[in-house]
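What follows is a set of notes on a single structure, which appears directly below.
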Amino acid sequence: MDSYGKHTDSHMFAKYGFVNGDGSGHTEASLALWHRHTLIDEHYGTIKNLMDQQKHDKPDEYQQKLLTRLRYEMLHYLRFDDGYEECIEQVQTPAWELKSLKYKHLLKISNVKRRWIVYMQPRNKDAALPVTVSITQPVTTRVPPKSTQMQVQMDIKEVLATCRLLSLTHDDYGGRATKILEEHLSRGSFPILPPATSTRSDNLEDDDGRGLEFRTHMCVVRLASAALDRFNITKTTLTKEVGNLNYLVSKEESGDFGQLVKNWTAAYLRLGEMETLEVIKAMAHAKLQQLFVDQPNKDKLLNSETKYIMRQKPCSLEALMPLFYD
């Protein structure tokens, strides 16, 4: 049963101080690894509002500080230079010109939540109404059922568009990638769509499109994997922790029951986010398999063509500073 509409568990906890705890709530996960996409200031509103405002009014000292921090943080997303043999460090080149436009587009979507956050439907749609409702105790002491890609529905088109922006090379779209970004810069958060697909299947018509979609989905895998690494705990361990806390909550034998419930809630929310990230990765991996379903020499292809290069380590942040000071 979906008892609170499409509000996520994280939203419910932040707004009301409790979660159902039975897997009936939506979950969410953020791929915004290097910036705070929901930065809110009590006087000035969100970063997005500040960026819009500076077009008309000169920002004051505090506003400028927020904007400067955002401009620096967004540079980190451009450090991988996938699809290029070498890191892009030379200005006044076609690759640098594209990177400059990508940076401008990133700033425009920095506070657009749907471009960074993915929402997953409830893990337990069969949950029944609780017998009692209390903000100090979960409605159930059972661990939510595990999620798989086939069990849940999730729309990742918007984060794919973000990764497609990050993964563009100046050779994409038949060499028109730079022109496309230039033409759409005034549109703000327009989503970059995949190259044309055939009507027969989801496989792309040409190798150019296949390379971009490969890098795009690998970008999603990279961001989701990095987000998972930040938990510094395995899902198995966290699941056991939730189960143990469930048991203690049900027995109500702790000396500090209120703190126990808080610990349980924190673990439960983290578990939901981890499961959401794992499903994101699974969906991206599934698409990667589809891209090469008609390629018997997939491994040879990936290791021989520049368009399939995915960097394991980021390029120099210092090399990107001309973008920051521009």
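The values are calculated or read from the model by the stated rules, or taken from the named source; none is laboratory data. Note that the structure is a prediction, hence the values are computed from the model and not measured. Because the Cβ atoms are built from the backbone with ideal geometry, glycine has one as well, and the counts that use them run over all protein chains shown.
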Q) If you check every pair at least six apart or on different chains, which have Cβ atoms under 7 Å apart with a residue in the stretch 289-318 that is in a loop (DSSP other than H, G, I, E, B) first and a residue that is modelled with pLDDT of 90 or more and of a type in the set (Phe, Trp, Tyr) second? A) Ile309/Tyr84; Arg311/Phe80; Pro314/Phe80; Cys315/Phe80
Q) How many residues, within the stretch 89-101, are crowded, with 20+ Cβ neighbours inside 10 Å and more than 12 Å from Leu168 (Cβ to Cβ)? A) 0
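Condition check ((1) farther than 30 Å from Ala266 by Cβ; (2) modelled with pLDDT of 90 or more; (3) not in a strand (DSSP E or B)) across all residues:
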| position | (1), (2), (3) |
| --- | --- |
| Glu97 | yes, yes, yes |
| Leu101 | yes, yes, yes |
| Arg114 | no, yes, yes |
| Pro122 | no, no, yes |
| Ala128 | no, no, yes |
| Thr141 | no, no, yes |
| Pro144 | no, no, yes |
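Across the stretch 37-81, which residue is modelled with the highest pLDDT among those that are hydrophobic (A, V, I, L, M, F, W, C) and assigned to a loop (DSSP other than H, G, I, E, B)?
Just the residues of the stretch 37-81 that are hydrophobic (A, V, I, L, M, F, W, C), to begin with: 39-40, 47, 50-51, 66-67, 70, 74-75, 78, 80.
Add one more test, that the residue is assigned to a loop (DSSP other than H, G, I, E, B), and what stays is 39, 80.
Values: Leu39: 52, Phe80: 97.
It comes out as Phe80.
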Q.
Just the residues that are loosely packed, with under 12 Cβ neighbours inside 10 Å and either within 29 Å of the chain's Cα centre (by Cα) or at positive phi (or both), please, taken from the stretch 247-293.
A. Glu252, Gln289, Val293
